[in-house]
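Visitor: One structure coming up, written as structure tokens, with questions to follow.
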């Protein structure tokens, strides 16, 4: 026997039509933080990747530092290039990010 709860909706209807729209801002916030954290991760790829041909952008950026001399103009240019995808993801999902942060802060009134 199926039980009716909210406005005659069953449990699967509640799960698929009410919960996902409410959890979208929180999931978007987690996805943004996970992307930014993994994009700029330096240690994990340094441990796992042995070939310089497969280095991530964070490891490649670290290669611009020399032992005796660092070309800061090239280092800053590559830093801006590696920052573009993070800024793109943030600005495309900024509305969901701000909504997720404001909804999580409303618990303690």
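Visitor: Relative to the longest principal axis of the C-alpha atoms of the chain, give the angle of the C-alpha long axis of helix 94-104, reported between 0 and 90° and rounded to the nearest 10°.
Guide: Compared with the principal axis, the helix lies near 60 degrees.
Visitor: By counting other Cβ atoms within 10 Å of each Cβ, how are 46, 22, 96 ranked from fewest to most?
Guide: 22, 46, 96
Visitor: Oh, and also: Return 44, 53 ranked ascending by Cβ neighbour count within 10 Å, so the fewest neighbours appear first.
Guide: Ordered from fewest to most neighbouring Cβ atoms within 10 Å, 44, 53 come out as 53, 44.
Visitor: Compute the distance in nm between two label points, each set 7 Å from the Cα along the Cα-to-Cβ direction, one at residue 26 and one at residue 64.
Guide: With each label point 7 Å from Cα toward Cβ, the separation is 3.9 nm.
Visitor: Tell me what the chain gives for mean residue ellipticity at 222 nm when only DSSP H runs of n ≥ 4 count, each as -39,500 (n - 2.57), the sum divided by the residue total, rounded to 500 deg cm²/dmol.
Guide: Here the helix-only value at 222 nm equals -20500 deg cm²/dmol.
Visitor: To the nearest 10 degrees, how steep is helix 72-92 against the longest Cα principal axis of the chain, on a 0 to 90 scale?
Guide: 10
Visitor: Please compute the contact order of the range 24-104 in relative form: average sequence separation of alpha-carbon pairs under 8 Å and at least six residues apart, divided by the residue count, as a percent.
Guide: Relative contact order here is 51 percent.
Visitor: Quote the FRET efficiency, to the nearest 0.05, computed for residue 76 versus residue 52 with a Förster distance R0 of 22 Å and r equal to the Cβ-Cβ distance.
Guide: 0.50
Visitor: I'd like the orientation of helix 19-39 relative to the chain: the angle between its Cα long axis and the longest Cα principal axis, in ° from 0 to 90, rounded to 10.
Guide: Value to nearest ten degrees: 10.
Visitor: Still on this structure, please answer the following. If you average the sequence gap of Cα pairs under 8 Å that are 6 or more apart and divide by the length of the range 1-71, what percent do you get for the contact order?
Guide: RCO, the range 1-71: 15 percent.
Every number in this text was worked out from the coordinates using simple rules, so none of it is lab data. Quick caveat, the model's predicted, so the values are computed rather than measured. Note: ideal-geometry Cβ built from the backbone for every residue, glycine included; neighbour counts use all protein chains shown.
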